[in-house]
Amino acid sequence: MAEVTQISANRARPVHGPIFYLGALGLLATATVGFIAVVARHLGRVMLGDIELSQAAILLASSAALLAATLSGQHARVHLLRNRLSGPWQRRMQCLSDVLGALFGALLSAGSVWILHDQWHTHEESELLHLPYAPLRALTCIVVILITLWSVRRAVRVSVSS
């Protein structure tokens with residue numbers, strides 16, 4: 001099974017399985033569409049909708065990347081303040097960070113679901129290929145909700161352990 005290892009100061013945790021392959025599929029699709037579009041332009045042809053296809057594939061790749069980073073605990077963090085604090089205060093700041101992240105995710109989830117609900121029956125679609133936006137919005141909602149739930153879980157675990 002393919003595996004990418006993210007290394008942090010404390011531990012290395014692999015990102016693998018379906019999330020890895022969905023992200024890889026999105027990147028491969030983006031590169032393939034871009035390659036075909038460039039070759040077509042050099043041959044005097046136009047590939048209609050290449051940007052729309054690339055955007056949908058990038059959504060898949062970026063969603064997988066966000067989910068993989070969350071599940072492996074490898075989001076980028078700035079520790080300017082946290083590293084200057086003592087052990088108990090570091091845990092408190094970690095908990096505060098997780099709670100604020102979960103709150104942000106909850107607000108982002110609520111907004112995403114609201115937009116999805118409002119636009120569901122409008123049959124909104126892209127201009128050239130008529131790709132429906134509803135499934136793409138639904139994917140965004142699912143990923144944001146999963147990330148939020150994971151952040152809440154982490155915040156609870158940190159607060160219980162301290």
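Rank L53, I147, L96 by how far each Cα sits towards the positive end of the charge dipole of the chain (+1 on Lys, Arg Cβ; -1 on Asp, Glu Cβ) and give me just the farthest.
It is L96.
Viscosity 0.890 mPa s, temperature 25 °C: Stokes-Einstein D of the range 80-162 from its Kirkwood Cα radius, in µm² per second? All intermediate terms of the calculation are to be shown ahead of the outcome.
Values: Rh = 14.8 Å.
Translational diffusion coefficient: 166 µm²/s.
Can you tell me the convex hull volume per residue for the chain, based on C-alpha atoms, in Å³ to the nearest whole number?
Value for the chain: 142 Å³ per residue.
Full-extension gain between R92 and S161, please, as 0.36 nm times their residue separation minus the C-alpha to C-alpha distance.
Result: 23.8 nm gained on full extension.
When L80, L139 are ordered from fewest to most other Cβ atoms inside 10 Å of their Cβ, what list results?
Result, fewest neighbours first: L80, L139.
So between L107 and V39, what do we pick up on full extension, going 0.36 nm a residue minus the alpha carbon distance? Write out the running numbers ahead of the final one.
Details: separation 68, 0.36 × 68 = 24.48 nm, distance 4.30 nm.
That works out to 20.2 nm of additional length.
In debye, nearest 20: dipole of the chain around its Cα centre with unit charges on the Cβ of K, R (+) and D, E (-)?
Working: 13 positive and 8 negative charges, 228 e Å.
Dipole about the Cα centre, nearest 20: 1100 debye.
Can you give me the angle between helix 134-161 and the longest principal axis of the chain, using Cα atoms only, in degrees from 0 to 90, rounded to the nearest 10?
It works out to around 10 degrees.
Each value in this text was obtained by applying a stated rule to the coordinates, not by laboratory testing. Keep in mind that what you see is a predicted model, and the values were worked out from it rather than measured. Here Cβ is always computed from backbone atoms with ideal geometry, including for glycine, and neighbour counts include all displayed protein chains.
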